[in-house]
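Heads up, the thing below is written out as structure tokens.
The values are calculated or read from the model by the stated rules, or taken from the named source; none is laboratory data. None of the values given here were measured: they were computed from a predicted structure. Positions of Cβ are backbone-derived with ideal geometry, glycine not excepted, and every protein chain shown enters the neighbour counts. Heads up: the accessible areas ignore ligands, DNA and RNA and are worked out on the full protein's heavy atoms, side chains in. Shrake-Rupley method; radii C 1.70, N 1.55, O 1.52, S 1.80 Å.
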Amino acid sequence: MRMSASAAPHKDRSVLDLLYSPFSEFEFMQRALVGVIAIALGGGPVGVFLMLRRMSLTGDAMAHAILPGAAIGYLLAGLSLPAMTFGGLAAGVIVAMAAGLVSRFTSLKEDASLAAFYLLSLALGVTIVSLRGSNVDLLHVLFGTVLALDDNTLLLLASISTLTVLALAALYRPLVLECVDPIFLRSVSRSGTPTHLIFLGLVVMNLVGGFHALGTLLAVGMMMLPATAARFWTSDITMMMIVSVLIGIVSGIAGLLLSFHAELPAGPAIILSAGIVYVASLLIGREGGVLWLAWPGKHLEA
């Protein structure tokens, strides 16, 4: 009995060490943790509004749209944070405006226009990177290097998340109205179009920030998976944003720990963790989860 009692605290302590020691002993893990928290704070609420506005695939299209600009920045200045950031922002804005103009002045819908532009952007971006870089550089651009974040990148991520939270707080009412009843918003206010454009700008900014940590192909995952998972737990928009941020942070921590202990790529491990949370929410979420729909509660009787 004495031996088992002394073994239990040792076992508990080893489990705590597995969870805590990677972040306490290694600076690169601490930087990665700060980075994924910043991405979750900004990307989670933006993902919620993308989902509610039925623009989830728009986020994926915009994630690919920033690639040519970031690739041109890489071609001109190498792995330079300012060059790749401004290049990605410029490319994202150009593609968003081009898709909007095509849908407005032709018979093509905006989703089809975005699909065409994002496929072109992805192919162009990969081609540009391949002109100068190696396969390692291409993997860096596509999948990011969350375990190699420096001070400037962390400052960029923190600035983007702060600006996003402040902008969403200022635009909360028109954004919610546009999700619920865009026709009513247009009838009582002219803020619909400026709000939409500012919101698209926030989407591009968060994708550019996520691009530096997780790469082009995975940045949208930290934006949309926590948001869609949060939808299964609450129908209140404010709570949905809070739950989305929490899911993003938990997924980031779990993915980093999985990457560290199982020696897996950090970016995909984070997205896989968010995907596991999404599947669990799909099954047991209180708001439309599969199990709750299979066994509905009893109706109230008079």
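Which helices count as membrane-span-like in the chain under these terms: full DSSP H, at least 20 Å along the axis by C-alpha, Kyte-Doolittle mean of 0.5 or more?
27-52, 81-105, 110-132, 151-170, 192-214, 237-262, 266-284
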statement: The distance between the Cα centres of the range 33-111 and the range 162-180, in whole Å, is 18 Å
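Just how large is the dipole of the range 5-293 about the Cα centre, in debye to the nearest 20, putting +1 at every Lys and Arg Cβ and -1 at every Asp and Glu Cβ?
Here the size comes out at about 680 debye.
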query: Heavy-atom accessible area per residue, the chain, 1.4 Å probe: how many Å²?
result: 53 Å²
- prompt: Ignoring any ligand, DNA or RNA, what whole percent of the accessible area of the chain comes from carbon and sulfur when the probe is 1.4 angstrom?
  reply: 69 percent
- prompt: In nm, to one decimal, how far is the F23 label point from the L75 one, both placed 7 Å along Cα→Cβ?
  reply: 4.1 nm
statement: Given all pairs of distinct Cα atoms, the chain yields a Kirkwood Rh in Å of 20.5 Å
query: Which of the listed residues, I253, L119, P68, is farthest toward the dipole's positive end in the chain, when Lys, Arg count +1 and Asp, Glu count -1 at the beta-carbon?
result: L119
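Considering only DSSP states other than H, G, I, E and B, which chymotrypsin sites (Phe, Trp or Tyr not before Pro) in the range 10-118 qualify as loop sites with at most 16 other Cβ atoms within 10 Å? Kindly include the intermediate steps, with their values, before the conclusion.
Working: sites: Y20, F23, F26, F28, F49, Y74, F86, F105, F117, Y118; in loops: F26.
In loop regions of the range 10-118 (DSSP not H, G, I, E or B), the sparsely surrounded chymotrypsin sites (Phe, Trp or Tyr not before Pro) are F26.
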